[in-house]
1. Measure nothing but the geometry: give the 0 to 90° angle between the long axis through the Cα atoms of 169-182 and the longest principal axis through the Cα atoms of the chain, rounded to 10°.
2. Could you work out how far helix 284-303 tilts from the main Cα principal axis of the chain, as a 0 to 90 degree angle to the nearest 10?
3. Given the options ASP117, ASP194, ASP70, which has the most mean-square fluctuation in a GNM of the chain, springs set between C-alpha atoms less than 10 angstrom apart?
4. How about segment 144-210: which GluC sites (Glu not before Pro) there lie in a loop by DSSP and see at most 11 other Cβ atoms within 10 Å?
5. Among bridges DSSP assigns within the chain, what percent are antiparallel (round to 5)?
6. Rounded to two decimals, what is Rg over Rh for segment 120-257 when you use alpha-carbon atoms and the Kirkwood radius?
7. When the Debye formula is applied to the Cα atoms of segment 3-117, each taken as the same point scatterer, what base-10 log of I(q)/I(0) results at q = 0.15, 0.24 Å⁻¹?
8. At 0.36 nm per residue, and after removing the present C-alpha to C-alpha distance, how many nm does the segment from LYS218 to LYS161 gain when stretched out fully?
Amino acid sequence: MERGKIMDIDVRVTGKTKLLGLVGNPVEHSISPQLHNTLSSLLGLDIVYIPLAVGKEDLETVVKALKALDFIGFNVTIPYKRDIMKYLDENSKEAILMGAVNTVKKIDGRLYGYNTDAEGFLRSFKEEAGVGFKGKKVVLIGAGGVARAIAVKIASEDAEKISVVNRTVEKSVELAEVVNENIKEIVQVYNFEDKTFRMAFEESDIIINTTSVGMYPKTRETPVKFTECFNKNQIVYDVIYNPEKTKFLNDAEKRGAKIINGLGMLFYQGISAYEIWTGVKFTEDKLKSVYESFKKYLQLKSAK
């Protein structure tokens, strides 16, 4: 295999090796270590990325430890993207607006929080869908950290309307207030039982699932029961990448919709995080090469 491809990683840890990590719970399923360690190998950088499963009661202690140790930064995943913010020295304006941090960099002994989820999502969506959000009607399923980041980004891209639906209405209202008060007034809140939500669903151009419903191993679950509301004029996006095609996406595809999974979002948010940590800027050709290798690695992994 050509050097720099996924899994072709030549890692020799020394006293000079810099560390990156992933803080979350669980982290066993994450493929971020493969991505970031491959990038370091490809670039010849003496950096190693390791997953760290952290209990909620230990989060503050772990953040202090990472700050004291030779970590140049770390990623944050479910369920700590919001909680982590109070333990950092400073958060970017965009991260504060989005209410979540997924990337932390240590600069002169201080921890700075960023959010690359939204940028990763936007780049992935535009590349794979071939369109943007200007003038589009969007349904957003979920109101957690990822949903809020995506909603802020979509609103900034001049979408016409964002319809948010979530099991907890209070979270949907909070998301709507953030976008409507800080970007522009385009978010409306629904619950799954609203007849008007079904209408908004049918009339939407783009439908995005930001929840973990349908993620491995619970692959038979879906956040949407009325699958007849999908249609061939819609683009349906699921932030989940394992399985490659969730029941949500499969139901949408059967009705003729164009479907996209969350692999591209994972890849590009990771690239943005790596650029923040190292200052490296990847060329488009290099990104395409690594992305194709990344996809092949996942296909081989899922086939086992």
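1. For 169-182 against the chain, the angle is about 80 degrees.
2. Tilt of helix 284-303: around 80 degrees.
3. It is ASP194.
4. Here the GluC sites (Glu not before Pro) that fit, given the DSSP loop and packing criteria, are GLU185, GLU193.
5. Given both bridge residues lie in the chain, the antiparallel proportion sits at roughly 20 percent.
6. 0.93
7. Treating every Cα as an identical point scatterer, log10 I(q)/I(0) equals -0.65, -1.37.
8. Stretched out fully, the LYS218 to LYS161 stretch lengthens by 17.4 nm.
Since every read-out is calculated from the coordinates, none of them should be taken as a lab result. Since this is a predicted model, take the numbers as computed values, not measurements. Glycine also receives a Cβ, built like all others from the backbone with ideal geometry; neighbour counts cover every protein chain displayed.
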